[in-house]
Each structure stands twice: as C-alpha cells, then as structure tokens.
Amino acid sequence: MDGVGSIQVNHWRKTNLQYRLVIKLKYDENNVSMFNKIKESIGGKVVISKAKEYKYIVWVVDDRKKILNIIDVFNKYPPITFRLNAQLLFMKNCLVNNNIDMYFEKRKDKYISENIWNPKLNCDYFNEWLSGFIEAEGCFCIRQNKNHSFSISQKNENVLVEYIKKYFEIQTKVRNVGKDVWLLETYRKSTLLNVIKHCDNYPLLGQKMVSFDKFIKEIFKL
C-alpha cells in the first residue's frame, strides 16, 4: 500500500462520498496469487484488466464496512510514507463525518506536507513492511556486463530512503532524480548480499519474487 497503493475518497455527483482501497500492479500470475492471498486474509476483490496495450491486475475494496475492518489493520500497522498517512487520515475524517461539504473543504489535507509528518521508521514490523515496499518499488537489475544492481525509489520520501540505505548498509548516496523522487541504488556485492538476506528472511510474494530468484542466481555466479 505504501508503494503503489491508494486510499481514495471520491464523490458521486456531489451528493455522496465513495470510499476505496486500491493496489494496482502489472498483470502477472504471481501477482494474481499474491492479491488472492490478500483477498483471503483481509477481504476485497481482485480484478484483471482486459486492456490490450497494458494488462494489469487490481486489488480493490469499495465496501464501507470492509474498509472499516481494514482500517483496524492500519491502526495496528500504520503506513510509513507521508502520502499514505495523509490519505488514511483524510479517509478516517470523511468516514466519521460523511459530509460532502466537509469533503470539498478539506480534501487538500490528503496532500499533507512532509515537514509535519514524523515517520515511525523503527516500528517492530519494519522488516515485513520493507518486503512489501520492495515488492512495489524495488528493482533487481541483471545486466550483461555483470554489473548487477538493486534499486528502490519513492517521491517525497528522502528520510525513508535514507533509512533503507542505512538498514542495508549501502555506501552510495541517495540521489534526487527529479520532481522530488529519491533513488537508492547499489552495485556492491556485500550490500547486495544484505538485500538478499533480508528477502530470504522476509520473502517476496508476487512477480518481484521471480525477479529476485533470477537475481540471486546471477549474483552467485560472480
């Protein structure tokens, strides 16, 4: 959710509010399996797009009662990014008030400033959270020149990406690659082994798991 998920509050013809939780990924059998596990665990439905140009899969919850149940999960395991925390707080306020006028007055609040948010990076579920974040935003790159790399990035999350750098003991600098997107990338085998160890202990579940398995084989050829 913190990587590519979205907590949405919309309106229908300015008369009533609609609530949705969404995660959208590229269509892949492993992503289908992962989304079905999420569905079995906390609910929602899995929808596969039929677009020819870009086939994708979506996990979505649009039932208000089910959303309230999932918010209890967020209360126990709060999001870490500025973006998702702002969206969650806005949804909670809308659910309490369920007022269309308040929605239009306050909807800018879901773009909370990073300057007033203090992410809890040392939470006791960070390891599991990080594997989910890698599933969404990580990249295991295999190159013909054997200069293989792992990278991860996020917009407006310099503090978070720096924390991930420290966690994996990566030496390279976090780079701002434009429009407030912060990128962490490493080629050094010792730190790649740290990433591999983490993903062995806290396994990936979707398409990124396949990418990771191929990556391991290439790394251990070196």
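The values are calculated or read from the model by the stated rules, or taken from the named source; none is laboratory data. Values in this document were obtained by computation on a predicted structure and should not be read as measured data. Heads up, the Cβs are rebuilt from the backbone with ideal geometry, glycines too, and the neighbour counts pull from every protein chain shown.
Observations
- Residue satisfying all of: in segment 162-171; touching a Phe, Trp or Tyr at 6+ places or on another chain (Cβ under 9 Å) and over 26 Å from Val210 (Cβ atoms); surrounded by the fewest Cβ atoms within 10 Å (Cβ to Cβ) among these: Glu162
- Among the residues of segment 142-152, not a single one is in a helix (DSSP H, G or I), in contact with a Lys or Arg (Cβ under 9 Å, 6 or more places away or on another chain) and not assigned by TED's automatic domain parsing to the domain that holds Leu84.
A quick yes/no check of all residues on (1) more than 14 Å from the chain's Cα centre (by Cα); (2) farther than 24 Å from Met34 by Cα; (3) buried (at least 18 other Cβ atoms within 10 Å of the Cβ):
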{"residue": "Glu135", "(1), (2), (3)": "no, no, yes"}
{"residue": "Cys139", "(1), (2), (3)": "no, no, no"}
{"residue": "Lys146", "(1), (2), (3)": "yes, yes, no"}
{"residue": "Lys155", "(1), (2), (3)": "no, yes, no"}
{"residue": "Leu160", "(1), (2), (3)": "no, yes, yes"}
{"residue": "Trp182", "(1), (2), (3)": "yes, yes, yes"}
{"residue": "Ser190", "(1), (2), (3)": "yes, yes, no"}
{"residue": "Phe220", "(1), (2), (3)": "yes, yes, no"}
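- Within segment 117-133, being within 21 Å of Ala86 (Cα to Cα) and either under 17 Å from the mean Cα position of the chain (by Cα) or modelled with pLDDT of 95 or more (or both) holds for Pro119, Lys120, Leu121, Cys123, Tyr125, Phe126, Trp129, Leu130, Gly132, Phe133.
- Hits in segment 45-64 - residues which are β-branched (Val, Ile, Thr) and either in contact (Cβ under 8 Å) with a residue 24 or more places away in the chain or outside the structural domain of Lys26 (by TED's automatic domain parsing) (or both): Ile57, Val58, Val60, Val61
- Filter result for the condition that a residue is assigned to a loop (DSSP other than H, G, I, E, B), without any contact (Cβ under 8 Å) to a residue 12 or more places away in the chain, over 15 Å from Gly5 (Cβ atoms) and among the acidic types (Asp, Glu), over Asp124, Asp101: Asp124
- Residue list for segment 50-83, filter: out of contact with any helix residue (DSSP H, G or I) (no Cβ under 8 Å at 6 or more places or on another chain) and in a loop (DSSP other than H, G, I, E, B): Lys50, Ala51, Lys52, Glu53, Tyr54, Lys55, Asp62, Asp63
- Failed condition for Cys199, given (1) at pLDDT 95 or above; (2) surrounded by fewer than 17 Cβ atoms within 10 Å (Cβ to Cβ): (2)
- Scanning segment 187-215 for residues that are touching a Ser or Thr at 6+ places or on another chain (Cβ under 7 Å) and under 18 Å from Lys173 (Cα atoms) gives Tyr187, Leu192.
- Taking the criterion of being among the aliphatic types (A, V, I, L, M), assigned to a strand (DSSP E or B) and over 18 Å from Leu68 (Cα atoms), the residues of segment 1-48 that qualify are Leu25, Val46, Val47, Ile48.
- Val73 being β-branched (Val, Ile, Thr) and either without any contact (Cβ under 8 Å) to a residue 24 or more places away in the chain or surrounded by 14 or more Cβ atoms within 10 Å (Cβ to Cβ) (or both): no
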